[in-house]
Structures are given as C-alpha cells and as structure tokens.
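The values are calculated or read from the model by the stated rules, or taken from the named source; none is laboratory data. Fair warning: this is a prediction, and the values are worked out from it, not measured in the lab. No Cβ is skipped: glycine too gets one built from the backbone with ideal geometry, and neighbour counts run over all protein chains shown. Surface areas here come from the heavy atoms of the whole protein model, side chains and all, with no ligands, DNA or RNA. Shrake-Rupley method; radii C 1.70, N 1.55, O 1.52, S 1.80 Å.
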Number of protein chains: 2
Amino acid sequence: MVKIAVLGYGTIGSGVVEVLKKNKDIIARRAGEEIAVKYILDLRDFPGDPYENLVVHDYEVIRNDEEVAVVVEAMGGVEPAFAFAKGAILAGKHFATSNKALIAKHGAELIALAQERSLNCLFGASVGGGIPIIRPLNSCLTADVIEEISGILNGTTNYMMTKMSDEGSEFDDVLKDAQQKGFAEADPTADIEGHDACRKIAILTSLICGQQVDFEDIHTEGITGITAADIRYAKAMGRRIKLLASSYKMGDRYCALVAPCLLDESSPLYGVNGVFNAIFVRGNMLGDAMFYGSGAGKLPTASAVVADVVDIVRHKHVSITMEWNPEKVELEDYRRLTNRYFVRTSAEPAEVEAAFGEVSYVTAEGVSGETAFLTDEMDGYAYETAAGKLGSVLQSIRVK
Amino acid sequence: MVKIAVLGYGTIGSGVVEVLKKNKDIIARRAGEEIAVKYILDLRDFPGDPYENLVVHDYEVIRNDEEVAVVVEAMGGVEPAFAFAKGAILAGKHFATSNKALIAKHGAELIALAQERSLNCLFGASVGGGIPIIRPLNSCLTADVIEEISGILNGTTNYMMTKMSDEGSEFDDVLKDAQQKGFAEADPTADIEGHDACRKIAILTSLICGQQVDFEDIHTEGITGITAADIRYAKAMGRRIKLLASSYKMGDRYCALVAPCLLDESSPLYGVNGVFNAIFVRGNMLGDAMFYGSGAGKLPTASAVVADVVDIVRHKHVSITMEWNPEKVELEDYRRLTNRYFVRTSAEPAEVEAAFGEVSYVTAEGVSGETAFLTDEMDGYAYETAAGKLGSVLQSIRVK
C-alpha cells in the first residue's frame, strides 16, 4: 500500500480524495497496489467530513512521516506550494500537482531536484485539466519536431466567447453570468487578461523545446477588448473569436503568444465551445493532432492528478524521463509572426488603402459609421507601421 | 547507441527509416542516445536506395545479432509477423509494431512474453496511426473507469463517407475515387466491411478492460449498404453518417460493435472528416475527451512507431506497465445497447405505427415511394421484433 498526503482540501484536493475512493479497486489494479490518503493538509477543520481525522494543519507532520511516499499539492499559488514541494522532494517523497503557477515558475527546478533523487515530479493536470496533453507530449510525440502548438487553454474565457457568440451579448454581461454560474472567479483578472493561458503555454513550450520558457517573456493579450460588434463581424466572416495560446517554431527558436484570434471552420479548434479546452499540435512527421476535453472542473482535474499518482507508484524507484532544462531559452519576437489582421477604424477606405494597400472590406449587420477590413498576410512590424498611419484603430484581431 | 532492425521496407517501414533520419538529433536527445538502423528485412532488393546495404532477406541474421536491441515490425498480417515477434522477444529483443492484425490476435501473449523478460512490446501505431491513444489509455486515463470509447478508426471509410456527403455521390463511385487516390486498396474488403475498425476496437477494448477481447466476438457492419439516398436523409436531419467502432460499459461487462451511425452536431466526432481519425473517450471522473489526427499515412504512422522505439530506449531494462491479461473476456450482447434507429421501409405509416408505435417521420429531397422514420430509444431485441413486423426494411442505421 502506498500512503499519500493531499495538500489543500478545496475543489481539486477534495476531488482527488473522491476519485481515489470511487475508483479505488481499478486504481489499485492499475497501480499495482492500493493508494491510501494518510493526511490532508488544510488551515481549516472539516467537522463531519468523512475524512476529518486525516486533516492536519502543520506541514512538518507530513514532511517528517517516512510512510508518506507521495505528496499531492492542490492549493494553488506559488508560495507556500513551492516550499512544500521542495520540502517533500528533499525528504525523499514524490510530488504531483495541478498547479500551473507553481510549475510555470519552478517546474524545471523541481524536476531536476526530483531526478537527482530518482524521484518524480509530475504535473499532468496543470495544463488542460483532465485532457491528457503533458504526458503525450513527453512520451508520445518524441519522434517529432513540434512546429506548432495552439490551445484553447482557459475554460472561463472560452465559455464567455461562446456565450457572446451564441447570444450576441456584451462582455460585461457575459462576465457577470459566468461569475454567477461559478465559471469565473470574483476577481477574473487571471482568466480574462490571459495570464492563466500564458502560464499554461509557457509550460507546454518549455516541454516542446526542452528548456525553461519564462512566462513573463510571452506577449499576452486578454479578451477584455472584445465587443458584441466584433462578434457580429466574426459571424459575417463565418468565423469565431477564441483566446488562443500558441507557440510556433521559427528557425531554431519558438515564438509564443496569447491573444484573441479569428478562426474559421477549417480549424479543428473552431468547434471547441463552452468550457471545453483543446490543444492542437503540429509535428513535422505526425502532421496535425488535437486533444480535446474538460479543461477544468473538480473531477476531470482530480482524475489527471490521480493518474499522475498511479504513474508515480509504477515508477517508485526511477524518474520518468522529462526534458525540461532549467537553462532559460530566448523566445523569438512575436512580431515576426505573419498572419492576416482584422481591423476596425474610423478612417475612410482611401486612408486604409494608403496605409495597407489592397484589403478586403467587411460589413456586419447593425454596425455602421466605421470601416472594417481584413489585411493580407503580414508580420507584426509591418502591421504596426501600417496601423500607425491610420490614426484611429478601434479594434485589431489576428486571423488564423 | 541503440541498434534496431526494421522488418518490411514498404510504406511504414521506409517511413520509420525516414523519421529516424530526418529527426535524428532531437530523437537522440529525447531517447538519451542515438538510434541507428542496422538491418532492414525485406524479400526485395532496393538497388540505389541509400539504405540498400542494410537490406537482408533472412530473419535469422537479425534474430542472432546480439547488437540488435529493438525489432520494429512493419510488414502487416499475422504471419510471419507473429513468428518474427516471438523470435525477437525470445532472443531478448524489444519489439515495436504498427500491425493491428497481429496485436488484436496475439497482443496479450506477446506482452506477457516480453514482460516475463523485462522487455517491452509496444504498438502505439496500431490504432489511430499517428494519434496518441494507446499510451494515453494506458498511462493517463488510469484513474477512470472508462464508460465509453467510440472511434472513427478507419480513414478510408471516413474519406468515403465524407465524399458521399459532400458530393451526393453513390458508394461505388466514391470507392473508385478512393482507390484511384490511393486511399483505398485494390481489395477494399477489410476497410469497407469494417474488419479493420473491428480489430482496432478489439485492441482498445482489451486495454480498457485489461483482458483479451477477441475481435471475432464483435458484431461488425460495414458501410457497403450506405447509399446516396441515406446521405440525403442524414442531411435532412442535420446529421452525418460515420462508421463508428464503439465499446460501452454495461454493468461489469463491455459491449462492443462496429456499425455506421448517424451523428449530430453535438457529437465531437461529427466534425471529423476526410481521412482523419478520432477517438472519443468518456471516463467516470474525467468526463468527455477526444483525440484527433491523421489516422494513417506513412509519416504519421512512422512517427508513432519511432515514439515507441524512443520509449523502449528509455525503458531498456524494465517493462512499461500494460494491463492486458490473456484470459478472454466475454462481451455483453450488442443487442442490449439502446439507441434510436433510422429506418426506411416500403411499408405504409399505418404499418410502421402498428410495429413501432409513435415515430418521427423524415423526408428527403428527391427520395419518394417509401416511408422513412426515426424510432424512440430501444434496444436491439425490441428493434428486431418491431422490424420483423414490417415486412420490408430497406435500410436501418443506428442514431447516436
């Protein structure tokens, strides 16, 4: 029997305990032995909870108990999660987490620390919740140079974009609805400004290039500027607006960014709606693949965490190979990416053509008093130069 | 450096050699050492081929060479592939294959043989070509009871169904086109009768239940009976016809079948068109997930085979855990599955209602002189009883 400790008894932590209880037998069969929760660390008490006796308030109890072989972190945030993770690994314990903030910041360091001790630090649930993507990248797509990885990595914003598209509503109304339904937090900044997606694409990019990518280096735009009028234009073009987090290989480097994009039906990401997430991968041999599923939520995320624990139990004395060198990699300037742009401006067509040359004009029902158009393919520098000549730009969205 | 032998220098075998050459450096980095092809087994010679010197005609040369650590089989068919696989493993070599016929028939036996010797028998490319599904099932979805797995597992038939739908053409014309384009073989039986998809769902079902599922036990219908008129009805209903290979958990058993199904837009498989494959998985904790990509083709399939070789190099002295017990499992009778049926008959509505009770009638442009309808949800026994009362059934397709 393997004893584990769960840090944090919130949504994910209680989900982990529930998955281990509900699927106990099949998990034991697949892991090769039973997995039992010995401690739950939380600041709170949970009187009446069936596991209330397992709750401890002092991490030292867990760290010092040699019987605990695996520490599962489900608290979120960088500290004290990082101190707890380090403490666990230094005490000879395996570590599993769903915490993307922790892994984006300290993943390489924790992996190295674990590997030096033939331990494992796994984080399958940190990107895409229940969607298996970390391990497939790490152990299935190993024969390929990854040329692109683009994901809808944040369920809150995808729910909001889908609702704006379905109902024609404005951003603020949809945000309120998402908050009421529990799909957005009281402080929604991390989601709607793209910070959450940014950390996730930083993790994915680190794994595909094998080196540390700092999330601070990734150009990040959120969805707060998207209006009902933009959605109308998108519909008129047969497109949908999605918040995409992407990395593209350019020469020897990767170029990463998070930004709203206009997708058409030919993209496999076009049909990914509501709270679902999906990750599109293009390999130089594999071609196109996509992974789709519930990107968040208690049980899907907990399922991925428990799958990591099963993998740890199967690899108790050996580190699973993972390529994530702590040496920081320089990203290519995102302005070097080329794509078409959708632009709305109060400038007249003559001014637009003076700045951009030939463009395709777009009209949308119920939007007037402005000029909207699609540019040709151009890089970010050329776009900025042309847009600078326009005077007023009301909106600009990349077209993928 | 790890030396491997490739059996069969056809499409997949030459693809494996090409992937290893093209992505040599990144593969070496990920595997931890260089992977080199020492032999290629084929009955033919390949004068002028850059690897002509590696070609041997006698398998014994490979089997007896202790330097060969991994045998990659890309010949297809059960024999002599099985004899070669067994020979390799008994000689202490790891084995990787893309051969679904071999694995559906002898997978459990080969895995057991390999595990007894701390070797690996991997077959990631046998289902879904380049789509990572075997390993995710085996190592990512381990915390879940899998309640359903449904796949579009055959690119040839999916190409044909997509083309019939796009162009309104008849089956025979689309088959000829697929043969001309190289998407269908001269003898297309294995694809269009569903035998290929049947072997693949047998492998997936074996993996999710952990025991041997005999493909002969799986009820299998092909697409040869689908007509342009059926496609018109499907369109009138906002649906598409796909050849689905599925397994559903019913109590303690699984129920598997291969059959054309009518899907609507709410299914993530609805948008999977052309030669693409996709596998939908529903876990009791994970919820819904889908894996999508190129299901066949030289390089995508070879990429998956090489990824298996990389995993073998990472696990040279230990067997990767895989749950596939040779003990045969009994499948549930597929007639116990409940679904709606789409039925075309020359019977009059009064007869239809006498047999099926209340139904929803369907009409399609350009089809007349018959009655078409959708039943309520019913199991296969109830359907057969009701259909028996009708006298003439022109067509019947499951609705999912």
Point to revise | Normalised convex hull volume, the stretch A:147-193, alpha-carbon set, Å³ per residue | key: 82
Point to revise | Near-label residues of the stretch B:95-126 by backbone N, under 20 Å of a point 7 Å along Cα→Cβ of B:Asp187 | key: B:99-105
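Checking a compactness column here: for the stretch B:1-54, what do you get for Rg(Cα) / (2.2 N^0.38 Å), N being the number of residues? Don't skip to the answer; put the middle values down first.
Numbers: Rg = 11.4 Å, N = 54, 2.2 N^0.38 = 10.0 Å.
Cα-based Rg divided by the globular estimate yields 1.14.
What shape does the stretch A:37-80 take by its C-alpha gyration tensor, where a ≥ b ≥ c are the square roots of the eigenvalues and a/c under 1.5 counts as rounded, a/b above b/c as prolate, and the rest as oblate?
Values: a/c = 1.83, a/b = 1.16, b/c = 1.58.
It comes out oblate by the Cα gyration axes.
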Revision key, fill the gap. Sorting from shortest, the nanometre distances separating the label point of A:Gly225 (7 Å past Cα along the line to Cβ) from those of the same residue in the other copies are 5.7
Point to revise | Relative contact order of chain A, defined on C-alpha pairs under 8 angstrom at six or more residues apart (%) | key: 18
Study note, to complete from the structure: Here the tail fraction of P(r) beyond 20 Å, over all Cα-Cα pairs of the stretch A:299-359, rounds in percent to 66
**Study point:** Between the stretch A:344-366 and the stretch B:248-268, the Cα center-to-center distance that results, in Å
**Key:** 50
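For the stretch A:337-400, what is the Kirkwood hydrodynamic radius in Å, using each pair of distinct C-alpha atoms? Each step should come with its number before you reach the end.
On the way: mean 1/r = 0.0860 Å⁻¹.
Roughly 11.6 Å, rounded to one decimal.
Using mean Cβ contacts within 10 Å as the protection proxy, how do B:301-309, B:42-50 order, highest first?
Values: B:301-309: 30.4, B:42-50: 11.0.
Packing proxy ranking, top to bottom: B:301-309, B:42-50.
Computed over the Cα atoms, what is the radius of gyration of chain A divided by 2.2 N^0.38 Å, N being its residue count? Provide the component values of the computation, followed by the final result.
Details: Rg = 22.9 Å, N = 400, 2.2 N^0.38 = 21.4 Å.
That works out to 1.07 for chain A.
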Revision key, fill the gap. For the pair A and B, the solvent-accessible area buried on both sides (1.4 Å probe; DNA, RNA and ligands excluded), in Å² to the nearest hundred, is 4000
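Roughly what % antiparallel, to the nearest 5, for the DSSP beta bridges in the protein assembly as shown?
Percentage antiparallel, nearest 5: 65.
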Study note, to complete from the structure: In whole µm²/s, the translational diffusion coefficient that Stokes-Einstein assigns to the stretch A:243-305, given a Kirkwood hydrodynamic radius over C-alpha pairs, 20 °C and 1.002 mPa s, equals 157
Practice item. Grab the alpha carbons of the stretch A:216-264, take their convex hull, and tell me the volume per residue in Å³. Key: 72
Revision key, fill the gap. Rounded to the nearest 5, the percent of antiparallel DSSP beta bridges in the stretch B:1-159 equals 0
Practice item. Starting from the Cα of B:Glu327, step 7 Å along the direction of its Cβ; do the same at B:Asn64; then give the gap between the two resulting points in nm. Key: 4.2
Review point. What angle, in degrees between 0 and 90 and rounded to the nearest 10, separates the Cα long axis of helix B:298-314 from the longest principal axis of the Cα atoms of chain B?
Key: 50
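Run through the DSSP bridge list for chain A and note the antiparallel percent, rounded to the nearest 5.
Values: 43 of 68 bridges.
Within chain A, antiparallel bridges account for around 65 percent of the total.
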Review point. The stretch A:1-51 to the stretch A:129-194: how many Å between their Cα centroids?
Key: 27
Exercise for review: Would you be so kind as to identify which of A:Pro80, A:His57, A:Leu119 lies farthest towards the positive end of the dipole of the stretch A:8-131, taking Lys and Arg as +1 and Asp and Glu as -1 on Cβ and the Cα centre as origin?
Suggested key: A:Leu119
Exercise for review: Starting from the residue with the highest accessible area, list B:Arg240, B:Arg282, A:Arg336 in decreasing order, probe 1.4 Å.
Suggested key: A:Arg336, B:Arg282, B:Arg240
Practice item. Identify all aspartates and glutamates with a Cα-Cα distance to B:Lys163 below 16 Å; exclude those on the same chain that are fewer than 8 residues away in sequence. Key: B:Asp172, B:Asp173, B:Asp177, B:Asp191, B:Asp230
Review point. Dimensions of the stretch B:240-391 along principal axes (Cα, Å, largest first)?
Key: 69, 37, 27
Exercise for review: Show which lysines lie in cross-link reach of A:Lys328 when reach means a straight Cα distance below 21 angstrom and same-chain residues fewer than eight apart are skipped.
Suggested key: A:Lys86, A:Lys100, A:Lys105, A:Lys200, A:Lys249
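Restricting attention to the stretch B:70-120, which trypsin sites (Lys or Arg not before Pro) occupy a DSSP loop and are surrounded by at most 16 other Cβ atoms within 10 Å?
Loop-located and lightly packed - B:Arg117.
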Check your understanding: Gap in Å between the Cα centre of the stretch B:282-322 and the Cα centre of the stretch B:208-228?
Key -> 22
Review point. Mind checking Rg over Rh on the protein assembly as shown, alpha carbons, Kirkwood formula for Rh?
Key: 0.98
Check your understanding: Among all the lysines, which ones have a C-alpha under 30 Å from A:Lys389's C-alpha, if same-chain residues fewer than 8 places away are not counted?
Key -> A:Lys235, A:Lys242, A:Lys400
Review point. Got the B:Lys21 label distances to the other copies yet, label 7 Å along Cα→Cβ, in nm, shortest first?
Key: 5.9
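When only DSSP loop residues count, what chymotrypsin sites (Phe, Trp or Tyr not before Pro) in the stretch B:125-206 have their Cβ near at most 13 other Cβ atoms within 10 Å? Let's see the in-between values first.
Working: sites: B:Tyr159, B:Phe171, B:Phe183; in loops: B:Phe183.
Qualifying residues, ordered by number: none.
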**Study point:** Accessible surface, 1.4 Å probe, highest first, among residues B:Glu377, A:Glu265, B:Glu147
**Key:** A:Glu265, B:Glu377, B:Glu147
Practice item. Would you compute the Debye intensity of the stretch A:76-152 from its alpha-carbon atoms alone, equal scatterers and no solvent, and pass along log10 I(q)/I(0) at q = 0.19 Å⁻¹ to two decimals? Key: -0.84
Review point. Along Cα→Cβ at 7 Å, what distances in nm separate the B:Asn325 label point from those on the other copies, shortest first?
Key: 4.6
Point to revise | Estimated inter-spin distance, A:Ala382 and B:Val318, nm [label 7 Å along Cα→Cβ] | key: 5.2
Exercise for review: Count, for each residue of B:124-131, the Cβ atoms from other chains sitting within 10 Å of its Cβ, then give me the mean as a whole number.
Suggested key: 3
Point to revise | Where labels lie 7 Å past Cα in the beta-carbon direction, separation of B:Lys235 and A:Leu43 in nm | key: 6.2
Check your understanding: Quick one: if the Förster radius is 56 Å, what FRET efficiency do A:Leu90 and B:Asp172 give, using the C-beta to C-beta distance and rounding to 0.05?
Key -> 0.20
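Mind checking the mean number of beta-carbon atoms from other chains within 10 Å of the Cβ atoms in B:291-303? Walk me through the intermediate numbers first.
Details: counts 8, 8, 11, 5, 0, 0, 3, 1, 7, 7, 2, 3, 11.
So the per-residue partner count for this stretch is 5.
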Review point. When all C-alpha to C-alpha distances in the stretch B:162-291 are sorted into bins of 10 Å, what percent of pairs does each bin hold, rounded to whole numbers?
Key: 11, 39, 35, 13, 1
Exercise for review: Once you have the Kirkwood Rh of the stretch B:1-108 from its Cα pairs, apply Stokes-Einstein at 20 °C and 1.002 mPa s and quote D in µm²/s.
Suggested key: 152
